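Some notes on the structure that comes next.
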Amino acid sequence: KVRFSMVDYVENLLEEAPKDGCFVGTAATLAANHLFRISNKATKINKEDAEKFHQCTAQLLYLSKRARPDMQTAVAFLCTRVKRPDIHDWKKLGRAIRYLRGT
């Protein structure tokens, strides 16, 4: 049997994740029913947070493709939002991180 473990990768991802309030704690589910809703009126996040959003989303994509297929749908949506993420996308990323922390 061959076994792959990404425990160190997940621990590093969680350690590097933003410490913003929406990233703290755990979540029982990966996504709420508003995952695919996009608001054109929502405030865009600043450039520094947008870079963090992009980096964290890329890390989640790598993880979901290799070890966590349960996260693929939510991560795929987040990937579509890396160009101009808004505050709602930031919260959705936070929920994904909380879910990962709780599982």
Hz values of 3J(HN,Hα) by residue in the range 11-28 - Karplus curve (6.51, -1.76, 1.60), Gly and Pro given as x: 4, 5, 4, 5, 5, 7, 4, x, 9, 3, x, 6, 9, 8, x, 10, 9, 6
Solvent accessible area, Å² - Arg101, 1.4 Å probe, full protein context: 90 Å²
Charge tally in the Cβ shell below 12 Å around Gln55, where Lys, Arg are +1 and Asp, Glu are -1, Gln55 excluded: -3
Point-to-point label distance, His34-Asn12, nm (Cα→Cβ direction, 7 Å offset): 3.4 nm
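Send over a whole-number figure in Å² for the accessible area per residue of the chain, probe 1.4 Å. Could you put the intermediate results ahead of the total?
On the way: 6700 Å² over 103 residues.
Result: 65 Å² per residue.
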Eligible aspartates and glutamates near Lys83 by straight Cα distance, threshold 18 Å, same-chain separation 8 or greater: Glu48, Asp49, Glu51
Cα→Cβ-extended label distance, 7 Å offset, between Asp49 and Ala67, nm: 2.9 nm
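Percent of accessible area on the range 40-87 owned by carbon and sulfur, 1.4 Å probe?
On the way: 1510 of 3010 Å².
Roughly 50 percent, rounded to a whole number.
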Computed log₁₀ I(q)/I(0) - Debye formula, equal Cα scatterers, no solvent, the chain, q 0.18 Å⁻¹: -0.81
Trypsin sites (Lys or Arg not before Pro) restricted to DSSP loop in the range 30-60 with at most 13 other C-beta within 10 Å: Arg37, Lys41
Furthest towards positive pole of dipole, Ala31, Gly21, Val2, structure part the range 1-57, Cβ charges: Ala31
With Cα atoms, 0 to 90° folded angle of helix 47-66 axis to the chain main axis: 30 degrees
Assigned charges on the beta-carbon of Lys, Arg, Asp, Glu; the chain dipole about Cα centre (debye): 380 debye
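The values are calculated or read from the model by the stated rules, or taken from the named source; none is laboratory data. What you are looking at is a predicted structure, and each value in this text was computed from that prediction instead of being measured. Note: ideal-geometry Cβ built from the backbone for every residue, glycine included; neighbour counts use all protein chains shown. The accessibility values were calculated without ligands, DNA or RNA, using every heavy atom of the protein model including side chains. Shrake-Rupley method; radii C 1.70, N 1.55, O 1.52, S 1.80 Å.
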